[in-house]
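A short write-up of the structure that comes next.
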């Protein structure tokens, strides 16, 4: 059939460019030591930054939530699917972010992708201008495309260019959109400077803290706590399938913003609510993140980051400067990155090769992610193997 032949040709083109993605099957829970397709592996590829995904307290809370609320919600939030578990979770998020927001309220979404689509399409109406960081996550890019307002791109971390764009804008609604921690580079957005510009020019600052919530800040409140920010201009999005170890996402902002999302965010209105059991488990996750155990795990993670950075002795590959759990090793060409990932896999270490279009051409990389569940011996093994693999390349 001609339609299938066209798709098959496109897949062959992906193969020729070393860009086809393939899945592996994990046979065990998310953890540093896993069994993948029947083979034991040391994994440096999950976003389980605090090592909570397989935490026994979370597993028990999830089971308790299923016993109490059943397996599914049965409807959308605005029909019949909004459970007491969802309501309690939203109240807890509003309380958690209260030091950083005015009159806070929170809204729970099924996924981070849906949260980003919902926020940008709800705030980015026809009279809006959206100012988007060039390295934003795909979900923010798609949200800006779906919004009816005009989208403008500013260079990575370039607050001077952003100010020029804001100063020239006559739009009654201005929305600055950024990741907090950039998922492929691991660096931080200059949020204090961005917020100052938003306050000066009357703009919303939408912060996707997918890789910061739970990890950054003394209490794990994320990038806002890390930078000590507080403003009614902030619209904060936290993802819950990474450091929180479960799934979904939340938006926290002024109560008027949240009520606007309830009325306008199509990715919230027109979908079945996430299972209440997930929300119930997340209540336990928040307590772990904010309590003594969370502080200890964050401290251990910082130690692992410092250990890896000190142990790598790379000459042709290079480790990007990142203070976060994301430690990318740039290799360069697509095939070289694939070969490096395959060589690691042959030695029982699972690190993904990231290629265009996720990153720029010529910057294919090994995306190393660390977890508080890793031990010092795990990181030492990774560093030794990476150093040894790069030496033939240097020769």
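The values are calculated or read from the model by the stated rules, or taken from the named source; none is laboratory data. These numbers were taken from a predicted model, which means no experiment stands behind them. Because the Cβ atoms are built from the backbone with ideal geometry, glycine has one as well, and the counts that use them run over all protein chains shown.
In the range 202-225, the count of residues that are in a loop (DSSP other than H, G, I, E, B) and closer than 17 Å to residue 86 by Cα is zero. Just a yes or no: is a residue in the range 300-311 surrounded by fewer than 18 Cβ atoms within 10 Å (Cβ to Cβ) and within 30 Å of residue 92 (Cα to Cα)? Among the residues of the range 300-311, at least one is surrounded by fewer than 18 Cβ atoms within 10 Å (Cβ to Cβ) and within 30 Å of residue 92 (Cα to Cα), which makes the answer yes. Residues considered: 123, 146, 135. Of these, the only one that is in contact (Cβ under 8 Å) with a residue 24 or more places away in the chain and in contact with a helix residue (DSSP H, G or I) (Cβ under 7 Å, 6 or more places away or on another chain) is 146.
Listed conditions (1) at pLDDT 95 or above; (2) outside any loop (DSSP other than H, G, I, E, B); (3) not assigned by TED's automatic domain parsing to the domain that holds residue 355 are all met by residue 71, apart from (2).
So, residue 86, is that one in contact with a helix residue (DSSP H, G or I) (Cβ under 9 Å, 6 or more places away or on another chain), at pLDDT 95 or above and within 30 Å of residue 354 (Cα to Cα) or not? No: the conditions fail for residue 86. Counting only helices (runs of 4 or more DSSP H) that sit completely within the range 230-325, those holding 1 or more residues that are under 19 Å from residue 55 (Cβ atoms) correspond to 276-290, 292-311. Scan the range 297-319 for residues that are farther than 18 Å from residue 222 by Cβ and either in contact with a strand residue (DSSP E or B) (Cβ under 9 Å, 6 or more places away or on another chain) or in the same structural domain as residue 218 (by TED's automatic domain parsing) (or both) and report the count. Qualifying residue count for the region: 8. Return yes when residue 217 is without any contact (Cβ under 8 Å) to a residue 24 or more places away in the chain and in contact with a helix residue (DSSP H, G or I) (Cβ under 6 Å, 6 or more places away or on another chain) and no when it is not. Answer is yes for this residue. Here the range 34-50 is the region considered, the condition is being touching a residue at least 12 places away in the same chain (Cβ under 8 Å) and outside any loop (DSSP other than H, G, I, E, B), and the residue that is farthest from residue 373 (Cα to Cα) is 39.
Yes or no, residue by residue, for (1) surrounded by fewer than 20 Cβ atoms within 10 Å (Cβ to Cβ); (2) closer than 28 Å to residue 222 by Cα:
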| site | (1), (2) |
| --- | --- |
| 63 | yes, yes |
| 68 | yes, no |
| 73 | no, no |
| 78 | yes, no |
| 82 | yes, yes |
| 88 | yes, yes |
| 94 | no, yes |
| 101 | no, yes |
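Hey, among 116, 136, which residue is within 27 Å of residue 73 (Cα to Cα) and at pLDDT 95 or above? Quick ask: steps written out before the conclusion?
Numbers: 136 fails: within 27 Å of residue 73 (Cα to Cα).
Selected residue: 116, the only one of 116, 136 that is within 27 Å of residue 73 (Cα to Cα) and at pLDDT 95 or above.
For the range 300-329, the tally of residues that are over 25 Å from residue 388 (Cβ atoms) and over 20 Å from the mean Cα position of the chain (by Cα) stands at 1. The single residue among 234, 278, 240, 224 that is more than 17 Å from the chain's Cα centre (by Cα), within 25 Å of residue 130 (Cβ to Cβ) and surrounded by 22 or more Cβ atoms within 10 Å (Cβ to Cβ) turns out to be 234.
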